[in-house]
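A short write-up of the structure that comes next.
Throughout, read-outs are computed from the coordinates displayed, never taken from laboratory work. Just so it is clear, the model here is predicted, and its values are computed rather than measured. Using ideal geometry, Cβ is built from the backbone for each residue, glycine included, and neighbour counts are taken over all protein chains shown.
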Amino acid sequence: MSRPTADEDRLATLLTLPLRVGTLAAVVLVAIGFLLSWLGPPEPAVKAHTPLVETIMSGGAAAVTSIGLLLLTLVPLAVAVGAVIGFWRSGERRYLVGSAVVAGLLVASLLVSLLLLAPST
Amino acid sequence: MPTELLLFLSGLAAGAFGGLLGLGGGILIVPILTIGFGVPITAAAGVSLVSVIATSAGGAAFNVRNARADVRIGMLLAAGTVVGALTGGVIAGILPDRVLAGLFAALLGYTAVTMGRRLLRRPTARDAEADAIVDPSAVDGPGAPVYRTHRTGPGIGLSFVAGNVSGLLGVGGGVVVVPLMHLVLGAPLTVATATSNFMIGMTAAAGAYAYLFRGDVDPTLAAPMVIGVVIGASFQARVANRIPTTALRLAFIVVLVYVTYEMTLRALGAT
């Protein structure tokens, strides 16, 4: 295998940084929320199908876990944005277009879900 | 044994197995939650999609840094899978569930037979040599892998189907992406599984936001599972290169046969 070029090394860093930092932060939050719900004082159970924003606003262990889960789902979006920046810098248009399509659709999916499925009050 | 511990162990197994085969683990998680824990299918699909992201995130950093995943072809195919995942619901509204299940069963059954025939064929020294010189991190040019420019158009079209599978079944779509990369584009199986593992997080995220914001991802179920999945996926990424390709191929065929069987039952209206 050839030695990675500076461009290749930068691309790998742009992709692995959100993967490492985002995943670690998400798992730590999920674990803290899980431990709080397990070891802490009993809390009223979150009703099934409670929208995410309501769960987060209610506070407590379920809110911490939900923020961790939200952060985890944002990791792939951060990776796609990292790929856009990496391929833009290296001038690889073909992959820049592919990455931009992925990043754009993930942002659209996130915004549509946030605007349509979050409670209006 | 407490439910949380069972969920954690299930996540550990799904993360390791799903990451190893580039599947994401949703194929295991949905049946575990619905059959083992009596969770409704919508809630199981929501937890499964978040777990697929965890599988991808847990193993992808290692695979990218160690040049095992091809991020270039991965991003091209991800464009197809993400569009497919987002339109899965629309297609499901047009075609009856049983017809879709029948189509998937036929596609996956054909893939299983094709991979099985390759398993029975004795690999030549030329095959092994060709696989060994592939460098997934090479920039396009003389040293770039051939599969990046080989049948890319049909590849992106088929990755759209993989995205549909993901959106409809709450899995990562790797069950289509890995054979697509290996059989259609001609990538080595180890590169196909590592690349699939890198991109399925993006495919799953496209569908996961709706489940998450709607409240279909139960934090009490997802927390122990996600923790187990990330640990299992991180571990498998570090040992995957010690597993022989034949064993990997055989395990993949077993999964394909299982999913084909499940899809056939659904097509026949038996589930």
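Can you tell which of A:39, A:77, B:115 lies farthest toward the positive end of the dipole of the protein assembly as shown, using +1 and -1 charges on the Cβ of basic and acidic side chains (Lys, Arg; Asp, Glu)? So the residue we want is B:115. Over chain A, dividing the summed -39,500 (n - 2.57) contributions of all DSSP H runs of at least 4 residues by the number of residues returns a 222 nm mean residue ellipticity of -27500 deg cm²/dmol.
With θ taken as phi - 60° and the Karplus curve 6.51 cos²θ - 1.76 cosθ + 1.60 applied, the whole-hertz 3J(HN,Hα) list for segment B:210-225 is 4, 4, 5, 5, 6, x, 8, 10, 6, x, 5, 7, 6, 4, x, 5 Hz, x standing for glycine and proline. Modelled label positions at residue A:58 and residue B:239, each set 7 Å beyond Cα in the direction of Cβ, lie 3.9 nm from each other.
Put a plus charge on the Cβ of each Lys and Arg, a minus charge on the Cβ of each Asp and Glu, and nothing anywhere else: the dipole of segment A:6-117 about its Cα centre is then about 160 debye.
Summarising the label geometry, the points placed 7 Å from Cα in the beta-carbon direction at residue B:34 and residue B:113 lie 2.6 nm from one another.
In this rough spin-label picture, where each label sits 7 Å from Cα along the Cβ direction, the residue B:183-residue B:270 distance is 2.2 nm. Taking the Cβ-Cβ separation of residue B:41 and residue A:5 as r and a Förster radius of 51 Å, what is the calculated FRET efficiency to the nearest 0.05? Working from the Cβ atoms, E equals 0.60. Only one residue of B:55, B:146, B:177 has its Cα farthest out toward the positive end of the dipole of segment B:3-267, where Lys and Arg carry +1 and Asp and Glu -1 on Cβ, and that residue is B:146. Taking Cα centre as origin and charging only the Cβ of basic (Lys, Arg, +1) and acidic (Asp, Glu, -1) residues, the dipole magnitude of the protein assembly as shown rounds to 860 debye. In sequence order, segment B:174-189 has phi-based couplings of x, 4, 9, 5, 5, x, 4, 5, 7, 8, 8, 7, x, 7, x, 4 Hz under the Karplus curve 6.51 cos²θ - 1.76 cosθ + 1.60, θ = phi - 60°, and Gly or Pro positions carry x.
Using 1/(1 + (r/R0)^6) with R0 = 41 angstrom and r between the beta carbons of residue B:6 and residue A:17, what's the FRET efficiency to the nearest 0.05? Working from the Cβ atoms, E equals 0.75.
Computed from Cα atoms, the angle from the helix A:6-39 axis to the main principal axis of chain A rounds to 10 degrees. Using the charge dipole of chain A (Lys, Arg: +1 at Cβ; Asp, Glu: -1 at Cβ; taken about the Cα centre), state which of A:51, A:113, A:95 has its Cα farthest towards the positive end. Working it through, the farthest residue towards the positive pole turns out to be A:95. Counts of other chain beta carbons within 10 angstrom of each beta carbon in peptide B:56-66 average 6. With R₀ set to 51 Å, the beta-carbon distance separating residue B:250 from residue A:89 gives a calculated FRET efficiency near 0.80. Would you mind classifying segment B:125-271 by shape? Square roots of the alpha carbon gyration tensor eigenvalues, ordered a ≥ b ≥ c; an a/c under 1.5 is rounded, otherwise it is prolate if a/b is larger than b/c and oblate if not. Verdict is prolate for segment B:125-271.
Going by a ≥ b ≥ c, the root eigenvalues of the Cα gyration tensor, does segment B:1-115 fall in the rounded group (a/c under 1.5), the prolate group (a/b larger than b/c) or the oblate group? Oblate is the answer for segment B:1-115, as a/c is 1.5 or above yet b/c matches or exceeds a/b.
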